[in-house]
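Chemist: Dumping the structure here so I can ask a few things about it.
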Amino acid sequence: AGQGTVKEKFNGEIIGIEPGAGIMKATEKAIKEYSLDYTLKDSSSAAMVAALKSAIESKKWIVVTGWTPHWMFARWDLKYLEDPKGVYGGEEHIATIARKGLQKDAPAAYQMLDAFYWQPSDMEAVMLDINVNKMDPDEAAQKWIRENEDKVKKWIPEGVPKGNLKKIKLGYVEWDSEIASTHVVKHVLMKLGYDVELKAVDAGVMWTGIGAGHFDAIVAAWLPYTHGDYYQQVKDKVDNLGPNLEGAKIGLVVPDYVTINSIEDLNK
Ligand code: PBE
């Protein structure tokens, strides 16, 4: 694990993801509140995971911005650093948000989006197929749908006119969790007869886009904390369809072999 102080072992860096992610703002806040003499590196979700993988292969110390559900916890032995000041919020949920007017324009899609609800283990199964088994997101989503007919059935409205190839546009960010959920919803809406377009954007654009009605829906709203600021700005202009997943969490994550346990220890 090398010599020196904790900070030296981590090279004075926290490996982050895309600017605009809620977890990046939360980490800037953690740096202030815990007076950490660390630099938060902007990166991408894919580059963060690549850095984690290579550090683990050489047993180096690394601290990354991490979240649950995420396949990395199934792939490696990892732990969250304790957050005694509660900077990263508590347990949260992922919500589905629709544009106003969607209910009238596409009732079957709206009802499906409203009914969409699954477990962290469901999302993780899709994420593992994409990121560990190297499946294409569309393939992984279709596989999950095939293998979970009973769950999917509950999301399918009855007695409502089908999509008739009407276009539905879903905005999302290329976070591994949201790639999984958005592709699953895409394929269920296609089964309902919609022509579904996915648009990958950054977090700010996803939120202004749903507020302005440029997207029909998003299934990537981390609330009440991670996307709390973004949500406040659009909440009167959208329909919040409630949680599609409960038991989500964000924080700082390290490999198990790292011998500190709390964000406070980063200063040692
Ligand atoms: N995440 C994944 C996002 C929400 C979903 C935790 C990286 C964020 O921090 O905004």
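Chemist: Just want to confirm a number: the relative contact order over segment 92-248, from Cα pairs under 8 angstrom separated by 6+ residues, in percent.
Modeler: On the way: 279 pairs, mean separation 67.5, N = 157.
Answer for segment 92-248 is 43 percent.
Chemist: Let me ask you something else. At 1.4 Å probe size, what's the solvent-accessible area of K59? Round to the nearest 10 Å².
Modeler: 120 Å²
Chemist: A further question follows. What number comes out for accessible area per residue over segment 154-200 if the probe is 1.4 Å? Units Å², please. The partial results should precede the final answer.
Modeler: Details: 2120 Å² over 47 residues.
Result: 45 Å² of accessible area for each residue.
Chemist: Moving to a separate point now. Note down, for segment 64-107, the three equivalent ellipsoid semi-axes (square root of 5 times each alpha carbon gyration tensor eigenvalue), biggest first, whole angstrom.
Modeler: Ellipsoid semi-axes (Å, largest first): 34, 16, 7.
Chemist: Let me ask another. Using a 1.4 angstrom probe and counting only protein chains, how large is the accessible area of R75 in Å², to 10?
Modeler: 110 Å²
Chemist: Relative to the longest principal axis of the C-alpha atoms of the chain, give the angle of the C-alpha long axis of helix 176-191, reported between 0 and 90° and rounded to the nearest 10°.
Modeler: The angle comes out at about 10 degrees.
Chemist: When the convex hull of the C-alpha atoms of segment 92-248 is computed, what volume per residue in Å³ does it have? Spell out each step's value before the answer.
Modeler: Values: hull volume 15.2 nm³, N = 157.
Considering the Cα atoms of segment 92-248, their hull volume per residue is 97 Å³.
Chemist: May I pose another question? Helix 45-57 against the longest principal axis of the chain: what's the angle in degrees, Cα atoms only, rounded to the nearest 10?
Modeler: 40 degrees
Chemist: Sticking with this structure for a sec: Starting from a Cα-only point model with no solvent, please compute log10 I(q)/I(0) by Debye for the chain at q = 0.07, 0.15 1/Å.
Modeler: Relative scattering, expressed as log10 I(q)/I(0), comes to -0.26, -1.06.
Chemist: Here is a further query. Carbon and sulfur: what percent of the chain's accessible surface (1.4 Å probe)? Before the final figure, lay out each step's value.
Modeler: On the way: 5620 of 11960 Å².
C and S atoms contribute 47 percent here.
Chemist: Here's another thing I want to ask about it. Quick one: helix 120-131 against the long Cα principal axis of the chain, what's the angle to the nearest 10°, folded into 0 to 90?
Modeler: That helix lies at roughly 80 degrees to the long axis.
Chemist: Near the amide H of G242, under 5 Å away, which other amide H atoms are found, from residues 5 or more places off or on another chain, if H is placed in the peptide plane?
Modeler: For G242, whose amide H was placed from the backbone, the distant partners under 5 Å are T96.
Chemist: Go ahead and estimate [θ] at 222 nm for the chain from helices alone: -39,500 (n - 2.57) per DSSP H run with n ≥ 4, summed, over the residue count, rounded to 500. Kindly include the intermediate steps, with their values, before the conclusion.
Modeler: Values: 12 runs with 106 residues, N = 268.
Value at 222 nm, helices only: -11000 deg cm²/dmol.
Chemist: Further question on the same structure: Let me know the charge dipole size of the chain about its Cα centre in debye, to the nearest 20, where only the beta-carbon of Lys, Arg (+1) and Asp, Glu (-1) is charged.
Modeler: Values: 32 positive and 39 negative charges, 84 e Å.
Taking the Cα centre of the chain as origin, the dipole is about 400 debye.
The values are calculated or read from the model by the stated rules, or taken from the named source; none is laboratory data. Keep in mind the model is a prediction, meaning the values are calculated, not measured. Counting neighbours? That spans all protein chains shown, and the Cβs are built from the backbone with ideal geometry, glycine included. The protein model used for the area step is the full one, side chains on, heavy atoms only, and it has no ligands, DNA or RNA in it. Shrake-Rupley method; radii C 1.70, N 1.55, O 1.52, S 1.80 Å.
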